[in-house]
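Read through the structure below, which is laid out as structure tokens, and then see the notes.
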Amino acid sequence: MPDDRIKIPSLEIKDVGTIREVKRSIVKISGFSFCINGQLIKIGPGLPGIVIGFTETEVLALALGDDSRLKIGDSVYGEEDIFRIPVGDNFIGRIVDAFARPIDGKGSIQGNISYPVFRDAPGVVDRTSINEQLLTGIKMIDTIIPLGKGQRELIIGDRVTGKTTLAVDTILNQKNKDVICIFCWIGGNVSAFFKLVQELRRKGAMDYSIVVSAPGSDSPAEQYLAPYTACTLGEYFMERGRDVLVVFDNLTRHAWIYRQISLLLERPPGREAYPGDIFYLHSQLMERAARLSDEKGGGSMSFLPIAETQEGDVTGLIPSNLISMTDGQIYLDTGLFHEGFRPAINLRLSVSRIGSKVQCEAIKEVSAWLKGEYAEYKELAGLMRVRTKLSPEVDMRLRRGKALSDLFVQDKGRPLTLEEEIITFYAFNKGMPDILEDKKRERFKKEIYRYLLKKYPSLIENLSAQKMLTAEIKNGLDEAFKEFFKT
Ligand code: ATP
Ligand code: MG
């Protein structure tokens, strides 16, 4: 029997809204009944977009692509998916934009799977405490402000104080250490970016790194997205048991872009003209750093966000927000930088809340008194500027302090091995008179490690394996130092 019932095609119910306003790839939409942060939408003639916020009556979205054809009154359709990017092993060694699309001219990148960019941070039960040191190769940090894998440490300072250099050196130091590094460039200029990539290439760091680029010439949408993209690319590796380090250079510019977007959308400005949810913007990102439990594979993701200050003012909204949502900060000081004390770390204002529990025995032993001694020296040196006649004891303390300060000075692009750091400060703690003499100290700094590697390789091997200053290693080092200064 023929079926003469009328066939009704299956209906798909879609949320439809209307464009109210378009400005520099930012779209205000009204009429949506339901949507979530990060949701994909189709705008007007089919341009993809992402929902990034709401007001009581409107949805705020970023248009991904050329927005010149969009008109007020065009329809907007809600999709059933959220914004995703491909992630996977093939991203290593590549430079991508904020949408994880390659921009290094080396062809397309095949992702393993796709991840939503606005993901939730791992929950408390999936985490474990931070217990392994992330070595930066910077003497002052590894000894006094030790970082752990899974930690978030803010690098903060005025313009041109060596912030980027510090982060790059930390990446260079991860060579052969099985840490995947992601450098996220937000809002900076293109020429500085190329220099940075060249440096990473030249030093072989691209073998284990990914660069995400959203310079100031990119659209606000891309600059806004970039840090989330970098973080998502890192999560893929963390969830597979790997250690990841992500640098955000820098979040002050990221906040500026968000402010610009918000002002374009005429959202009510708050303190320093930032929108009210600026704290949420960054804390949501910072939460995604983690050290995962063994059940979750034991991977980690550490963050080195960079923030810019103006005339050393850390009480500005963005710096103070970031300080409160990280596990410590490394404060770079313009004054020290110009004195030639580089990296220009101001130890009084720098801290790592993870502390010495991540350090191995040997580095813990040699570092224990450094911070106190250095602080005392800085104070004494300040006081003694006006005095000429010094007691022998004060004179000795000043000389030791100066030697310590000199030992902390370190050229860029030259991260040290853990063993070299241990040896350097072991020698200092011994109070060897040779270390106090400027000329001999310089030679010591430059040559001792190479000398030991050549003449006493088993000593270094021992130290490297045991990570402890046993009596035998100490004796060996004492002998070696004597020998070194004799030659
Ligand atoms: P910006 O505010 O422009 O981002 P920044 O704070 O990131 O600046 P860098 O670009 O890292 O600063 O460094 C500024 C200059 O100082 C560079 O020319 C760099 O080579 C030099 N510099 C930084 N650290 C050291 C160092 N440890 N030894 C020698 N030179 C250094
Ligand atoms: Mg910089």
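The values are calculated or read from the model by the stated rules, or taken from the named source; none is laboratory data. Note that the coordinates shown come from a computational prediction; the quantities given were computed from them, not determined experimentally. Because the Cβ atoms are built from the backbone with ideal geometry, glycine has one as well, and the counts that use them run over all protein chains shown. Please note that ligands, DNA and RNA were not included when accessible areas were found on the heavy atoms of the full protein model with its side chains. Shrake-Rupley method; radii C 1.70, N 1.55, O 1.52, S 1.80 Å.
Tabulated values for the structure
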read-out: Dipole moment magnitude, nearest 20 debye, the range 384-444 about Cα centre, only Lys, Arg, Asp, Glu C-beta charged; value: 380
read-out: Inter-site label distance for Arg159 and Glu132 at 7 Å from Cα along Cβ, in nm; value: 4.0
read-out: Label-point gap, in nm, between Ala368 and Asn90 - each point 7 angstrom along Cα→Cβ; value: 5.4
read-out: Cα centre as origin, Lys/Arg/Asp/Glu Cβ charges: the chain dipole, Debye; value: 1500
read-out: Cβ-derived FRET efficiency at R0 25 Å, Glu56 paired with Ile36, nearest 0.05; value: 0.95
read-out: Crossing angle, helix 163-172 versus the chain [Cα axis fit, 0-90 degrees, rounded to tens]; value: 80
read-out: Peptides ranked, highest mean first, by Cβ atoms within 10 Å: ranges 329-336, 16-23; value: 329-336, 16-23
read-out: Carbon/sulfur fraction of accessible area - the range 208-299, other protein chains in place, 1.4 Å, %; value: 49
read-out: Per-residue ³J(HN,Hα) for the range 31-45, Karplus 6.51 cos²θ - 1.76 cosθ + 1.60, θ = phi - 60°, Hz, x for Gly and Pro; value: x, 6, 9, 8, 6, 10, 4, x, 5, 7, 9, 10, 9, x, x
read-out: Cα-centre dipole for the range 153-256 with unit charges at Cβ (Lys and Arg positive, Asp and Glu negative), debye to 20; value: 320
read-out: Accessible solvent surface per residue of the range 328-487, calculated while the other protein chains remain in place, 1.4 angstrom probe, Å²; value: 55
read-out: Carbon + sulfur, % of accessible area of the range 28-105 - ligands and nucleic acids excluded, 1.4 Å; value: 51
read-out: Principal-axis tilt of helix 392-408 within the chain, Cα atoms, nearest 10 degrees; value: 40
read-out: C-alpha long axis of helix 251-264 to longest principal axis of the chain, angle in °; value: 20
read-out: Where labels lie 7 Å past Cα in the beta-carbon direction, separation of Ala465 and Val314 in nm; value: 4.3
read-out: Given charges at Cβ of Lys, Arg, Asp, Glu: the range 161-237 dipole, positive-most of Tyr228, Gly188, Val168; value: Val168
